[in-house]
1. For segment 7-140, place one equal point scatterer on every Cα, skip the solvent, and apply the Debye formula. What is log10 of I(q)/I(0) at q = 0.11 Å⁻¹?
2. What is the distance, in nm, between label points placed 7 Å from the Cα along the Cα-to-Cβ direction at F87 and at K18?
3. Once both labels are modelled 7 Å past Cα along the beta-carbon direction, what's the E72-E123 spacing in nm?
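Only the coordinates and a few stated rules stand behind these numbers; no lab work does. This one's a predicted model, so the numbers in the text were calculated from it and none came from an experiment. Neighbour counts are summed over all protein chains in view; Cβ atoms, including those assigned to glycine, are modelled from backbone coordinates with ideal geometry.
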Amino acid sequence: MFKAKTQDETELITEITKEVSQIFLDTINIRQILIFHRITGTTLVSKSFVEAETDPDLISGFITAISAFEKELVGIAGGLEELKYKFIRFLLDIRELSTACILVSGDYNPSIKLRKNFSEFHERFELEFRSDLENFDGYVKPYRNIAHLLEDHFEISLFSPHRLLSKKYHSNLIKIIPIPKEQINEIRKLPNNQIEKEIDNIIKK
């Protein structure tokens, strides 16, 4: 017999659908994620999700020029948070040791959640690499291994047609199967093509 959903159930389903849709929209509209060293302007991270990647050095120079103009105009730099130029929108997060920038489609208005995730991502990046940033000598390889940060804050696996497991799945896995949280964190750092296989092995055990 068909059981009609209650109003509370319907509202919950609607809310979940809206949340998932927003996550998807935010993710697919990200064109590029970059992080620059605050003092030298050196590109530390450049992750592109489109074929026509924008030259990070051009973006770094552009941000430096705009920051100089901002300082000349209002007497202080670092307050700039967003710029829109034709078909590209720049979200900026300027901190003590680095500057982070996300390029999104110009006609897309990023959600409050994406802006919050961006800020938290950059904050966590500076915490993890603080020592390297403070003693920066031009060596950028340590900053390349940030796949776990990108997935935690932007769920970039949604770009892949082979994996649509959200971070909620991984965080709830520990509630379903008694395995150490540290192991869950290690699983999340694996390449996309290994994650589902590893989870399947755990479930079978």
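1. The calculated log intensity ratios at q = 0.11 Å⁻¹ are -0.45.
2. 3.2 nm
3. Distance between the two pseudo-spin positions: 3.4 nm.
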